[in-house]
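Novice: Sharing a structure below in structure tokens format, with a few things to ask.
The values are calculated or read from the model by the stated rules, or taken from the named source; none is laboratory data. On a predicted model such as this, the values are computed, not experimentally measured, just so you know. FYI the Cβ positions are ideal-geometry reconstructions off the backbone, even for glycines, and counts take in every protein chain you see.
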Amino acid sequence: MNVKTAGRTLDVFEVFASKQKPLNLSELAHELDIPVSSCFALVRTLESRGYLYMMATRKDIYPTRRILDVANTIAASDVVLERVGPILTELRDVTGETAVISKRQGDQIVYLDVCNSEKSIRYYSTAGEFKMMHSSSVGKAFLGALTNTELDKTLSRLKLTGLTPHTLTTRKALKTDLRLSRERGWYTNISESVVDLVGVAVTAEVGNDRYGISIVGPEYRIIPTLDFHAKALLHAKQRIEENG
């Protein structure tokens, strides 16, 4: 279900994040693809709540820091990320690759926090991105944690879209991959979502909930040291579950 007003409100901030500059009412309406009158009402509402302010020059509009303050307050109160964050950062530093914590939402995976690699050639992502279950290492890790009955039910709903020539697009191939991954204790995505990109993932239990932990980076760096990355990931999983 998509609530139009809520979606447009979020779109306002995403437009400013993308453009990284003030916009006048007409420019903002154009970016949002809505009538100027609708944009005016939306801007006035956000302005009255302290989230936008008007500049004298050209009557440009720009967000205040209020949304940042609200977001920081929310993030500081996230007990899971507070607990996992330092371990995620350490995993990034030990492996040199981007480390991600994620959660299953329906039949997709959403990134909750990302510690991006500091290398010049890297996988870069942001919190809030969604990934398919069948073509991502962390999605496979969540699938691998299901019972056989739950797995069959989930796979019957999933559309196994081919994103690259390496994507597993049949249930038989995917179930074989999941079985082998269960046996070794970790899951991979080797050029299955993006060519030359590799992900390695596990799930970890925090309280009574399950989270995904993954490392993602270029194939030429990860494949030669795949066992090292898997061991680092399993060590992070152990620490997270001990702290949980």
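Novice: S193 - would you say it is part of a loop (DSSP other than H, G, I, E, B), assigned by TED's automatic domain parsing to the domain that holds D93 and either of a type in the set (A, V, I, L, M) or under 22 Å from the mean Cα position of the chain (by Cα) (or both)? If you could, list the steps in order and put the result at the bottom.
Specialist: Values: part of a loop (DSSP other than H, G, I, E, B): yes; assigned by TED's automatic domain parsing to the domain that holds D93: yes; either of a type in the set (A, V, I, L, M) or under 22 Å from the mean Cα position of the chain (by Cα) (or both): yes.
The answer is yes for S193.
Novice: Residues E129, E90, E47: which one is within 30 Å of T161 (Cβ to Cβ) and charged (D, E, K, R)?
Specialist: Numbers: E90 fails: within 30 Å of T161 (Cβ to Cβ); E47 fails: within 30 Å of T161 (Cβ to Cβ).
Checking each option against the conditions leaves just E129.
Novice: Moving to a separate point now. Quick test of your reading of the structure: K175 fulfils all but one of (1) farther than 30 Å from A17 by Cα; (2) part of a loop (DSSP other than H, G, I, E, B). Name the failing condition by number.
Specialist: Unmet condition: (2).
Novice: Sticking with this one: Of R221, R171, which residue is surrounded by 15 or more Cβ atoms within 10 Å (Cβ to Cβ), farther than 20 Å from Y124 by Cβ and not aliphatic (A, V, I, L, M)? Break it down into steps so the answer makes sense when it comes.
Specialist: Values: R221 fails: farther than 20 Å from Y124 by Cβ.
The match here is R171.
Novice: Another one. Looking only at the stretch 134-161, which residues are without any contact (Cβ under 8 Å) to a residue 12 or more places away in the chain, within 22 Å of the chain's Cα centre (by Cα) and either outside the structural domain of A204 (by TED's automatic domain parsing) or surrounded by fewer than 12 Cβ atoms within 10 Å (Cβ to Cβ) (or both)? Lay out the reasoning, then the answer.
Specialist: Here is the first cut: in the stretch 134-161, the ones without any contact (Cβ under 8 Å) to a residue 12 or more places away in the chain are 146-150, 152-153, 156, 159.
If we keep only those that are within 22 Å of the chain's Cα centre (by Cα) as well, we get 146, 159.
Selection gives K159 alone.
Novice: Scanning for something more than 20 Å from G106 (Cα to Cα), among the hydrophobic types (A, V, I, L, M, F, W, C) and in contact (Cβ under 8 Å) with a residue 40 or more places away in the chain, does the stretch 205-212 turn up at least one residue?
Specialist: Looking for residues that are more than 20 Å from G106 (Cα to Cα), among the hydrophobic types (A, V, I, L, M, F, W, C) and in contact (Cβ under 8 Å) with a residue 40 or more places away in the chain, one finds none in the stretch 205-212, hence no.
Novice: Take the residues in the stretch 185-204 that are out of contact with any helix residue (DSSP H, G or I) (no Cβ under 6 Å at 6 or more places or on another chain) and in contact (Cβ under 8 Å) with a residue 40 or more places away in the chain; name whichever of them is surrounded by the most Cβ atoms within 10 Å (Cβ to Cβ). First the steps, then the outcome.
Specialist: Just the residues of the stretch 185-204 that are out of contact with any helix residue (DSSP H, G or I) (no Cβ under 6 Å at 6 or more places or on another chain), to begin with: 185, 190-195, 197.
Next, from what is left, pick out any that are in contact (Cβ under 8 Å) with a residue 40 or more places away in the chain: 185, 192-193, 197.
On the way: G185: 12, E192: 26, S193: 21, L197: 17.
Among them, the one singled out is E192.
Novice: From the list A127, A99, which residue is in contact with a Leu (Cβ under 7 Å, 6 or more places away or on another chain), more than 24 Å from S181 (Cα to Cα) and of a type outside the set (D, E, K, R)? Talk me through it step by step, then tell me what you get.
Specialist: Details: A99 fails: more than 24 Å from S181 (Cα to Cα).
Only one candidate qualifies: A127.
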